[in-house]
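Each remark here refers to the structure printed beneath this line.
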DNA sequence: CATTGACCTGGAGCGCACTCCAGGTGGAAT
DNA sequence: ATTCCACCTGGAGTGCGCTCCAGGTCAATG
């Protein structure tokens, strides 16, 4: 079990088949193997990479930046520093997002309490 | 200081003038006063409402749902229950968003550590 | 009196991230 | 043998939330 059809991959990665095709087309996925019939065959490595992409997407990284990260990931060790910098910058943005959500969530909860107190 | 020009309102609310006009047009803002020249005049109440809208937007509520909330807010006390339900449902989504961000942030931080350990 | 600048309107345009579609292929099941 | 299904391609379309534009008004400033 280390090769996956597009359907299986969609299920495991949480991206739709259309999205997988789209990601390959724009260069987020490279060197996806094909079988004799021209169909995509995904490996465990592809799945791991998709897992990373999912993590970045769910934390709001724009596709343009994921593209930059993919380019770096295709490079060798000499891109480690830049990859770390990119991820650290993103990590700070995620931190900020969480802080905003927590602050605003307090407002919402206060508002709920306010309505409750009047009802 | 209880009347504000569109420019001041944009500055205080964090929405652009274009967005304020758009929000009025689609019905998120109602009964915005005008001066003799036909220009918008915002009140402290408008600002408070914009603050609420900002809170909902920053926590990812879609405009369609904010519209629903505005309708309820234009209603009287008899809509309190529904408003609370809407806000509570949203609160749960915000909770979920925060959880996702925190989980994924751990992955990012792990990845940073991983690259660091190889460098 | 001319210019400037903030604002007005209706409507078009944009950026992002998909998502859908038409038309076709190739292998497996009935 | 034919039906079915998952998949293929290039390209068009979608939904969201603004953002920009042309052309105009009005009050204040130099």
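Rule-based calculations on the coordinates, nothing more; no lab input. What you see is a predicted model, and the numbers here were worked out from it, not measured in a lab. FYI the Cβ positions are ideal-geometry reconstructions off the backbone, even for glycines, and counts take in every protein chain you see.
Let's see how each residue does on (1) touching a helix residue (DSSP H, G or I) at 6+ places or on another chain (Cβ under 9 Å); (2) at the interface with another protein chain (Cβ under 7 Å from one of its Cβ atoms); (3) within 29 Å of residue A:111 (Cα to Cα):
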| site | (1), (2), (3) |
| --- | --- |
| B:73 | yes, no, yes |
| B:78 | no, no, yes |
| B:87 | yes, yes, yes |
| B:97 | yes, yes, yes |
| B:100 | yes, yes, yes |
| B:107 | yes, yes, no |
| B:114 | no, no, no |
| B:117 | no, no, no |
* To do: Please find, among B:38, B:60, B:27, the residue that is within 10 Å of chain A (Cβ to nearest Cβ) and within 15 Å of DNA strand C (Cβ to nearest atom).
  => B:60
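To keep it simple, each residue is scored yes or no on (1) over 18 Å from the mean Cα position of the chain (by Cα); (2) within 10 Å of DNA strand D (Cβ to nearest atom).
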{"position": "B:35", "(1), (2)": "yes, yes"}
{"position": "B:44", "(1), (2)": "no, no"}
{"position": "B:56", "(1), (2)": "no, yes"}
{"position": "B:60", "(1), (2)": "no, yes"}
{"position": "B:63", "(1), (2)": "no, yes"}
{"position": "B:72", "(1), (2)": "no, no"}
* Could you please find all residues in region B:1-15 being within 15 Å of DNA strand D (Cβ to nearest atom) and in a loop (DSSP other than H, G, I, E, B)? => B:5, B:14, B:15
